[in-house]
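Data block below; observations after.
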């Protein structure tokens, strides 16, 4: 999830825990770095999946799926969980909270969906494709039927990319205001949040 720091003039209740500025900057830096890495990983998987689907070179097809398997095994879990957990920590350590604002809640849901789909489904499909091309001689690779997995490995990264771009838009424009929960539960004293230090 993208950084969630209050803007100037925002009125919000103080959360139970407010990260001190040095800690907030450290977590924010880690979150941005991991999120950019997740975007790069997704673009790489999309490029490899598209190459494998469209190439007429059997060895390039095999290499593309095997490369996807390496990325899937080593990066998908730590990168997706890292982006999710650092984003949640940033929300909990600022007045935005997790469910007080629609834009934060939407980002939480889309990030959870992308993380779950990446770990439970995408890795499995990548493994299926890599195992299949590993067992087939080069002469048979171009006629190999993956049962639609080859198309899934293009569609899934494309959908994930759309979700990441949606999260970027939500982070910049912060639309839709407070959720019903955020309007009903102003527990604790309200205060005008000062302009946060620059990340």
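Quick notes on this one:
- Per-residue extension of 0.36 nm, minus the Cα-Cα distance of residue 120 and residue 32, leaves a gain of 29.3 nm for this segment.
- Where N is the number of residues in the stretch 58-135, Cα Rg divided by 2.2 N^0.38 Å: 1.45
- Cα-projected label distance for residue 172 with residue 143, points at 7 Å along beta-carbon direction, nm: 5.0 nm
- Multiplying each eigenvalue of the alpha-carbon gyration tensor of the stretch 114-183 by 5 and taking the square root yields semi-axes of 39, 12, 8 Å, largest first, rounded to whole angstroms.
- Cubic angstrom per residue, convex hull over Cα atoms of the stretch 19-184: 107 Å³
- Residue 159-residue 47 pseudo-label distance in nm [points 7 Å out on the Cα-to-Cβ vector]: 2.4 nm
- Sequence ranges 161-172, 107-118, ranked by mean other-Cβ count within 10 angstrom, highest first: 107-118, 161-172
- Ordering of 98-104, 74-80 by burial proxy (mean other Cβ atoms within 10 Å per residue, highest first): 98-104, 74-80
Readers should treat all values here as calculations from the given coordinates under stated rules, not as data from a laboratory. Computed from a prediction, not measured in an experiment: that's the story for all the values here. Ideal geometry is used to build each Cβ from the backbone, glycine not excepted, and the neighbour counts take in all protein chains shown.
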